[in-house]
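First up is the structure itself, then whatever we jot down about it.
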Amino acid sequence: MSQSLVVLYSIGGTCACISLIASIHLLAQHFWHFSKPDYQMYICRIILMVPVYGITSWISMLYPANRAFFNIFRDCYEAFVLYSFTMLLMNYVGGERKLIISLELKDRISHPWPFNWFFKSFTPGSMFIRLVKAGTLQFVLFRPLSSALTLLFEFYGIYHENAYNYEDAFLYLFALNNVSFSLALYGLLLFYVSTEEMLEPYKPLPKFLCIKIVIFFSFWQGILINILQQLGFINETVGLKPEEVAITLQEFLICIEMLIAAFAHMFAFGYEEYTSEVNPVFLPIKSSVASGFKSVFLAEDVIKEVKDSINPVPYDFELHN
């Protein structure tokens, strides 16, 4: 192994470990002050995204042959985080029913530029909320399915990473992932546009930026690196083939970015507002920590949301414009 690679792996590992320690500290504080389960359950899941990305990226650098297995876990958690962030925003504005009532009182909303050239303005309401949730949940379900298909096709020799060839399964999975990802992202964007005023007290912009940096930016960064490699801008170096250099570069950059994201999370998803000094409705410490672990890791809410999306339950109130 060349000295350059050793330095690269060391820097990536150091960044991943520091981001892990910072995230664990922030998680521990949230568990210790678990006074707002409807918010903190989703916040803790989002915070965990940083060590998941950082550690899996670093291990992928060390063991590139097993990268696909680590990517499955990362991809599944990525979809889980996007769902958690959507639900966090809905809870910020008082839950789904209160949100629908508030949206029904709004005027028609235009699509963001440049989509307003192609789509008419819309009136947000119950159907809009269902579509936003459906857009998120389809990504939650498709992402792990896509990862499993990647392993299956790779086993049968019909999948090769970065092979933009109509005879290779990579091209089709790449296209489907882009469609699924774009639908989820656009639904989240429309939700933000529709609820911006209601979300203002919760300072949503730093939270949106954190999600974009970790999920969306790294996604498009990977695509850009793949394109540069296909165009011949990334060449063989330190004993690595061009495609291996592209993969190593992507994983290394993610390790660096997770260090930045870990400290950004301390600002965007801080625990201070949930302490007993700020929030008098404070659970006992033992109950708080136990409740935190249970709600964050069991993910029973995801199963319920999927069932509700398949068989939607009608609302028990009537709305009028």
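Its alpha carbons considered, the range 3-309 gives a radius of gyration followed by a Dmax of 20.6, 63 Å. Across the chain, the longest run free of exposed loop sites, meaning GluC sites (Glu not before Pro) lying outside DSSP classes H, G, I, E and B with no more than 16 other Cβ atoms within 10 Å, spans 1-160. Compared with the direct C-alpha span, the chain from ARG97 to MET266 gains 57.8 nm at full extension, assuming 0.36 nm per residue. Specify the angular offset, from 0 to 90 degrees and rounded to the nearest 10, of the alpha carbon long axis of helix 3-32 from the longest principal axis of the alpha carbons in the chain. Taking the Cα atoms of the chain, the angle to 3-32 is about 20 degrees. When VAL7, VAL93, VAL193, VAL50 are arranged by Cβ crowding within 10 Å, least crowded first, meaning fewest neighbours, the order is VAL7, VAL193, VAL93, VAL50.
With +1 on each Lys and Arg Cβ and -1 on each Asp and Glu Cβ, how big is the dipole of the chain about its Cα centre, in debye rounded to the nearest 20? Please list the in-between numbers first.
Working: 20 positive and 27 negative charges, 79 e Å.
Its charge dipole is roughly 380 debye.
Highest average first, the peptides 138-151, 29-42, 220-233, 79-92 ordered by how many other beta carbon atoms sit within 10 Å of their residues are 79-92, 29-42, 138-151, 220-233.
Taken along the Cα-to-beta-carbon direction at a fixed 7 Å, the label points for LEU152 and ASN116 span 4.4 nm.
Just subtract the alpha-carbon distance of GLU273 and VAL193 from 0.36 nm times their residue separation and send over the number in nm, one decimal.
On the way: separation 80, 0.36 × 80 = 28.80 nm, distance 2.54 nm.
Length gained, GLU273 through VAL193: 26.3 nm.
The chymotrypsin sites (Phe, Trp or Tyr not before Pro) of the range 93-131 that DSSP puts in a loop, and whose beta carbon has at most 12 other beta carbons within 10 Å, are PHE118, PHE119. Ranking of VAL245, VAL214, VAL296 by neighbouring Cβ atoms within 10 Å, starting from the fewest: VAL245, VAL296, VAL214. Loop-located trypsin sites (Lys or Arg not before Pro) in the range 89-189 (DSSP state other than H, G, I, E, B) with a sparse environment of at most 12 neighbouring Cβ atoms within 10 Å: ARG108, LYS120.
Which net charge results for the neighbourhood of THR56, defined as the other residues with beta-carbon distances under 14 angstrom from its beta-carbon, given Lys and Arg at +1 and Asp and Glu at -1? Mind showing how you got there, number by number?
Numbers: positive: ARG67, ARG74; negative: ASP75, GLU78, GLU251, GLU257.
Around THR56, the charge tally is -2.
Principal-axis analysis of the Cα atoms of the chain puts helix 285-298 at an angle of about 60° to the longest axis. Quick check: the distance between the Cα centres of the range 155-203 and the range 74-143, to the nearest angstrom? Cα centroid to Cα centroid, the span is 15 Å.
Every number here is computed from the coordinates shown, using simple stated rules; none is lab data. These figures come from a predicted structure and were not determined experimentally. When we count neighbours, we look across all protein chains shown, and the Cβ atoms used for this are built from the backbone with ideal geometry, even at glycine.
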